[in-house]
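So the structure is just underneath, and the comments pick up after that.
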Amino acid sequence: MPVPFRSIPIVQLLHHEAAYQLINISGRLQYDDWNILDFEKGILGCDGRHYYCTNEEEQELLRPLLVLDHIMPFLRFKEAGQHYGYELFLSFPKWHLRGDPFFWAYAARCFTYDKLPMDPEAFSNKYMSIVEDLGIPYGKDEWCRIERFAAGGMSSGCVHGGFVKEAHDLLLVRLQKYT
């Protein structure tokens, strides 16, 4: 039985492009000073422990997600039905720098509509395109700072090239489980 989107932790919802966009629309309607990037930073930058709004406000913010329960059900692993690429990203690997979780969520959103199983080569090509577009030094013991991912702290916005490669390797292992 699918999991209702409104019962999924917000930190995981930020890995799903449609949920991200619906939260953004809802936030703009609910708050005069809404900024989805600030909201994302408040959640991912605090390991999911955010204090952005009350429980009532959060429920109102997530109300539009009801539509996703019907058009793109959130299935448990190995549950019958169509699975999507963002699911590969739902649990975080060990990260190096503060920007790594932001990269992870950003990359996950890019795979929201890619159906699983997915050809590993197509997956890798898309993943590498994201890495290259962001200018991350893939596989190197180097980092780059991405302003969009900056949420405070010493390595704010920094994404480590080693993390990106380790994450890619892990995602390919996870992808194999869907074949």
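The values are calculated or read from the model by the stated rules, or taken from the named source; none is laboratory data. None of the values given here were measured: they were computed from a predicted structure. Methodologically, a virtual Cβ is constructed for each residue, glycine included, from the backbone with ideal geometry; neighbour enumeration extends over all protein chains shown. Keep in mind that these areas ignore ligands, DNA and RNA; they rest on the heavy atoms of the full protein, side chains included. Shrake-Rupley method; radii C 1.70, N 1.55, O 1.52, S 1.80 Å.
Here residue 165 passes the criteria (1) more than 18 Å from residue 17 (Cα to Cα); (2) open to solvent by 20 Å² or more (accessible area, probe 1.4 Å); (3) modelled with pLDDT under 90; (4) outside any loop (DSSP other than H, G, I, E, B) except the one numbered (3).
Scanning segment 25-42 for residues that are closer than 17 Å to residue 68 by Cα and either open to solvent by 20 Å² or more (accessible area, probe 1.4 Å) or within 10 Å of the chain's Cα centre (by Cα) (or both) yields a count of 1. Under the condition of being aromatic (Phe, Trp, Tyr) and at pLDDT 95 or above, the residues counted in segment 75-88 number 2.
The single condition among (1) touching a residue at least 12 places away in the same chain (Cβ under 8 Å); (2) basic (Lys, Arg); (3) on the phi > 0 side of the Ramachandran plot that residue 78 does not meet is (1).
When segment 98-113 is filtered for residues that are farther than 15 Å from residue 129 by Cα and not hydroxyl-bearing (Ser, Thr, Tyr), the ones remaining, listed by number, are 98, 99, 100, 101, 102, 105. Here residue 57 qualifies as touching a helix residue (DSSP H, G or I) at 6+ places or on another chain (Cβ under 8 Å) and loosely packed, with under 14 Cβ neighbours inside 10 Å. Considering each residue of segment 31-47 in turn, at least one proves to be among the charged types (D, E, K, R) and over 24 Å from residue 146 (Cα atoms). Candidates in segment 67-113 are the residues that are acidic (Asp, Glu) and surrounded by fewer than 18 Cβ atoms within 10 Å (Cβ to Cβ); of these, the one that is nearest to residue 165 (Cα to Cα) is 79. Number of residues in segment 119-157 that are within 17 Å of residue 170 (Cβ to Cβ) and either part of a loop (DSSP other than H, G, I, E, B) or in contact with a strand residue (DSSP E or B) (Cβ under 7 Å, 6 or more places away or on another chain) (or both) equals 3. Of the candidates 106, 138, the single residue that is free of Cβ contacts under 8 Å to residues at least 60 places away in the same chain, touching a Lys or Arg at 6+ places or on another chain (Cβ under 7 Å) and not aliphatic (A, V, I, L, M) is 138.
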